[in-house]
Amino acid sequence: MTLNLRQKQTECIARMLNLNQPINATGTNEEAYKILIYDKFCQNILSPLIHVKDLRKHGVTLYFLIDKDRKPVHDVPAVYFVQPIQSNVQRIIADASRSLYQSFHLNFSTSIPRPLLEDLASGTLSSDSIHRVSKVHDQYLEFVTLEDNLFSLAQKSCFLQLNDPSAGDREIEDIVEKVVSGLFCVLATLGVVPVIRCARGGPGEMVATALDQRIRDHLLSKNNLFTEGGNFVSSFQRPVLCIFDRNFELPVAIQHDFRYRPLVHDVLGLKLNRLSVQGEKGGMRSYELDSADPFWVANGGLEFPEVAVEIETQLNKYKTDVDEVNKRTGGNHGAEFDGTDLIGNTKHLMNAVNSLPELTERKQVIDKHTNIATVLLGEIKERSLDSYAKKENDMMVRGGIERSELLSVLRGKGTKMDKLRFAIMYIISSETINPTEVEAVETVLKESEVDTAAFQYVKKIKSLNVTFASANSASRSNIVDWAEKLYGQSISAVTAGVKNLLSSDRQLALARTVEALIEGRPNPETDIYLAFDPRAPKSGAGASGSHLKGPFKEAIVFMIGGGNYVEYCSLQELAQNQQPPKHIIYGTTELLTGVDFVEQLTLLGKKMGLGNVGPTPAQ
């Protein structure tokens, strides 16, 4: 049994829509008509998991945002799914006092604070509508699951808030509390109590310590959320939760990547598994890219040229299968298979009819990815994205770039943001900061009207010797050590420098660290990581029981401050390459494109009085 977050969250939502009755319960609950009311945040939770046809299946006939004006539907129950915040509670009280619906089934996305619960009770009492509130449930679903092994807490600008020089202790504590609450929801939905590992210091340790305490306190309650999954705990090994902070490996959030999933996210703006692109015949086409799309699941981690070849292969296979069906049924060779040409004996006819839906579905998937790949190719050519991706990787491995090549890229193709990202990658990858070179870079950026606040922010942080994954400490300037730490390159390849130093199977520092934490073997990089076991008696921070070191079959990797599809793909690759294969879930405070992240860096730069005076850089 593996942890399937998407399936678990979908089951919880189905039960909620069924008025919190078991799905297979006898009676008419499943068929009862009902209305669904949600807020914007909970709409985003539902969007990747539940389609309109699924709502109909659960008896939901109408659905509305909570802040919209709604007319009464007196004889129908209403299911509310909202965040436990003051404005939502006040709106529920107003709806109940107006008797909009027959009964109110209130579901909060996470635990409702006691003061708000008291407001709800007193508000409905004073309007004599408390009898309409059938049930109040804490659902612990305050996270967005995008794929079986991918989730986001949808908490915006977390990196900016945590690194804001003007942020006080109270603000930092509030952010940490929000992250802890979101992670607790994920663990409660999975029904597991993990072993927690994190680096010492920083947001990672703050979140790990607070989460450990939160789970400990919860386990003391009689009806805790983890006893239901008790069989799982006793029968199978517990997972490890590895918590990281975005500063652990900053370049990954900025660099251009040439794999399909990261490209679609970064270039086309994939959001909540949906994107809109220009159609072949003009007009915008909207597509869904999720676990129901076999091509996306199988090829999302491939480099873009390999995806193009795979689309061609699938198209040729489809044509061969259509020809085969037509041949058997006497249809025209090479004709589009639409079911109109079916002539032949009854057996072949029936086989052809049965294969029609499958062939049609395959053609739709091929057409979808052909269109997406065509739009991507246009962007790649226009902006030289392949060149950016290759040169950035070369910089990270070599520890720098020739000045002429650097300036030529910055004066070449690409958007303002592409150039800014490239310049930031240059400053991160450089072993030492050359003031004249940096000045030349800033001049070229300003010529292109690029706001340099983000560039200057990273330069300032680097000069203050803040640790990046690319340079583990101020004293570690040896390029061989450094390249090996970052990408696991062989020393001979780095020193010889005769080949392209970018290995196609390069491994991110995050993936290598997670691998070490899962394997549980002695490792100088991870031996210093703190370990927490919320089920064990408390014995000081970072207890070091042998069972806490692994090995583990399953891991949940969480990135505070924004994650991306580059890390997700890298971790899924790691999981599949393990013998036997491991299972890794990747989560983050929010999924960010390179542009999104650099905009947060720009705001941090401005808060420190850096950069040009002018607007935030345009895409």
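Would you say Val76 is open to solvent by 20 Å² or more (accessible area, probe 1.4 Å) and either modelled with pLDDT of 90 or more or within 21 Å of Ser134 (Cβ to Cβ) (or both)? In short, yes. State yes or no: is Lys413 part of a loop (DSSP other than H, G, I, E, B), at pLDDT 90 or above and of a type in the set (Lys, Arg)? The answer is yes for Lys413. Taking the criterion of being more than 36 Å from the chain's Cα centre (by Cα) and of a type in the set (Val, Ile, Thr), the residues of segment 89-138 that qualify are Thr124, Ile130.
Tallying residues that are closer than 26 Å to Ser111 by Cα, of a type in the set (D, E, K, R) and either in contact (Cβ under 8 Å) with a residue 12 or more places away in the chain or in contact with a Cys (Cβ under 7 Å, 6 or more places away or on another chain) (or both) within segment 63-89 yields 1. Within segment 47-56, being under 21 Å from the mean Cα position of the chain (by Cα) and within 15 Å of Gln7 (Cβ to Cβ) holds for Pro48, Leu49, Ile50. Pairs are defined by a Cβ separation below 7 Å, a sequence spacing of at least 6 or placement on different chains, a first member in segment 296-308 that is over 12 Å from Leu263 (Cα atoms), and a second member that is crowded, with 16+ Cβ neighbours inside 10 Å and of a type in the set (Ser, Thr, Tyr); the pairs so defined are Val297/Ser291; Asn299/Tyr260.
From the list Val458, Val441, the lone residue that is assigned to a helix (DSSP H, G or I), without any contact (Cβ under 8 Å) to a residue 60 or more places away in the chain and either open to solvent by less than 20 Å² (accessible area, probe 1.4 Å) or not aliphatic (A, V, I, L, M) (or both) is Val441. In the set (1) closer than 30 Å to Ala440 by Cα; (2) crowded, with 17+ Cβ neighbours inside 10 Å, the condition left unmet by Val365 is number (1). Among the residues of this structure, Leu3 does not count as one that is over 24 Å from Ser291 (Cα atoms) and open to solvent by less than 20 Å² (accessible area, probe 1.4 Å). Do we find that Glu249 is of a type in the set (D, E, K, R) and farther than 29 Å from Asp138 by Cβ in this structure? So Glu249 fits the description; yes. Would you confirm, using the coordinates I've provided, whether Thr124 is within 28 Å of Thr189 (Cβ to Cβ) and either part of a strand (DSSP E or B) or among the β-branched types (Val, Ile, Thr) (or both)? No; evaluated as a whole, the condition is false for this residue. Looking only at segment 423-435, how many residues end up being exposed (fewer than 15 other Cβ atoms within 10 Å of the Cβ) and in contact with a helix residue (DSSP H, G or I) (Cβ under 9 Å, 6 or more places away or on another chain)? So the answer is 2.
Just name the residue that is most open to solvent (accessible area, probe 1.4 Å) out of those in segment 562-580 that are more than 17 Å from Leu150 (Cβ to Cβ) and at pLDDT 85 or above. Among those residues, the one meeting the criterion is Asn577. Residue-level check: of (1) over 19 Å from the mean Cα position of the chain (by Cα); (2) buried (at least 23 other Cβ atoms within 10 Å of the Cβ); (3) not β-branched (Val, Ile, Thr), Pro165 misses just (2).
Of the helices (runs of 4 or more DSSP H) lying entirely inside segment 1-117, the ones with 2 or more residues being in contact with an Asp or Glu (Cβ under 7 Å, 6 or more places away or on another chain) are found at 5-17, 86-97. Scan segment 322-348 for residues that are at pLDDT 65 or above and surrounded by fewer than 16 Cβ atoms within 10 Å (Cβ to Cβ) and the total you get is 2. Within segment 263-308, the set of residues being open to solvent by less than 20 Å² (accessible area, probe 1.4 Å), among the β-branched types (Val, Ile, Thr) and modelled with pLDDT of 90 or more comprises Val264, Val307. Output the residue which, of all residues in segment 137-156 that are among the acidic types (Asp, Glu) and farther than 18 Å from Tyr80 by Cα, is least open to solvent (accessible area, probe 1.4 Å). Looking at residues that are among the acidic types (Asp, Glu) and farther than 18 Å from Tyr80 by Cα, I get Glu147.
In summary, Val450 fulfils each of the numbered conditions (1) assigned to a helix (DSSP H, G or I); (2) more than 18 Å from Ser387 (Cα to Cα); (3) not hydroxyl-bearing (Ser, Thr, Tyr) with the single exception of condition (1).
When Tyr568, Tyr586 are checked against the criterion of being within 18 Å of the chain's Cα centre (by Cα) and farther than 21 Å from Ser181 by Cα, Tyr568 stands alone in meeting it. Of everything listed in (1) within 30 Å of Pro294 (Cα to Cα); (2) modelled with pLDDT under 90; (3) open to solvent by 10 Å² or more (accessible area, probe 1.4 Å), the single unmet condition for Ala352 is (3). Conditions first: (1) small (Gly, Ala, Ser); (2) under 26 Å from the mean Cα position of the chain (by Cα); (3) at pLDDT below 90. Ser181 passes all but one, so which condition is the exception? Answer for Ser181: the failing condition is (3). Hey, does segment 130-140 have a residue that's out of contact with any Leu (no Cβ under 8 Å at 6 or more places or on another chain) and under 30 Å from Leu241 (Cβ atoms)? Among the residues of segment 130-140, at least one is out of contact with any Leu (no Cβ under 8 Å at 6 or more places or on another chain) and under 30 Å from Leu241 (Cβ atoms), which makes the answer yes. The residue of segment 90-136 that is least open to solvent (accessible area, probe 1.4 Å), among those that are among the hydroxyl-bearing types (Ser, Thr, Tyr) and without any contact (Cβ under 8 Å) to a residue 12 or more places away in the chain, is Ser122.
The values are calculated or read from the model by the stated rules, or taken from the named source; none is laboratory data. Note that the coordinates shown come from a computational prediction; the quantities given were computed from them, not determined experimentally. Quick reminder, even Gly has a Cβ in these numbers, built from the backbone with ideal geometry, and neighbours come from all protein chains shown. Accessible surface areas use protein heavy atoms only, side chains included; no ligands, DNA or RNA. Shrake-Rupley method; radii C 1.70, N 1.55, O 1.52, S 1.80 Å.
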